[in-house]
Ligand SMILES: Cc1cc2nc3c(=O)[nH]c(=O)nc-3n(C[C@H](O)[C@H](O)[C@H](O)COP(=O)(O)O)c2cc1C
């Protein structure tokens, strides 16, 4: 299986998205997948201008001269694309959404009727890759991801990709507390690696593995107290101390 993973966190290697994504991909590699990752922040990806030139004037070719054609080609070659993004204002990061918008070049403007809904065919006719969403967020409750997961499921239906599942981790900064939470961190990382192995070996993600990645490790009250103390320290020192 060829996996193409994108990380849409501006914090790149310092971020919590990176920790979760790298563990998932490590599991996938162990199970025999060929894996490639890019940080969207490092790429030049301009906003879609909505000009439709890529549909009518220069089919499949965007007016922008940037890194997107190369990235779209890697999406086309992949069996599975892992979209890694932190939760920003209840959705994906701007970097990730811009990347998704620019996938327009892979669609053909004509309409077709698929499973009771009008869609655009794939420009190149091939089966689009499967999609896995991977996300982290600062808040405690797992339902913070509901809007993002729904959006990604809809994007997959729009692009006629199979949505495999969402690997999500709330209370993301648990992953930065190595000194006091080494054991839970290792359990979360191991669950993410297991998710990667499952993805390659079975082509699915079990409810159990997704629950294990997202599991509560701190009681809600401890999370509240610890988080507020953390932010007070950050404000006092004038810098974000989790990285
Ligand atoms: C602009 C911005 C918006 C955010 N919005 C949310 C949000 O709506 N819900 C939430 O739980 N966390 C939110 N967060 C927290 C991030 O999801 C969290 O910091 C995460 O760890 C960031 O990923 P990273 O560590 O890979 O950079 C937001 C952070 C930023 C900077």
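The values are calculated or read from the model by the stated rules, or taken from the named source; none is laboratory data. Remember, predicted model here, so these are calculated numbers, not experimental data. As a convention, Cβ positions derive from the backbone with ideal geometry for all residues, glycine included, and neighbour counts pool all protein chains shown.
Answer yes if at least one residue in the range 107-124 is assigned to a helix (DSSP H, G or I), at pLDDT 95 or above and either away from the ligand (no atom under 16 Å from the Cβ) or over 27 Å from residue 222 (Cα atoms) (or both), and no otherwise. No: zero hits. When the residues of the range 122-146 are filtered to those that are without any contact (Cβ under 8 Å) to a residue 12 or more places away in the chain and closer than 22 Å to residue 109 by Cβ, the one that is surrounded by the most Cβ atoms within 10 Å (Cβ to Cβ) is 127. On the basis of being at pLDDT 95 or above, touching a strand residue (DSSP E or B) at 6+ places or on another chain (Cβ under 6 Å) and crowded, with 22+ Cβ neighbours inside 10 Å, does residue 35 make the cut? So residue 35 fails the test.
With a requirement of 3 or more residues that are surrounded by 17 or more Cβ atoms within 10 Å (Cβ to Cβ) and within 16 Å of the ligand (Cβ to nearest atom), the helices (runs of 4 or more DSSP H) lying completely within the range 147-243 that satisfy it span 178-202.
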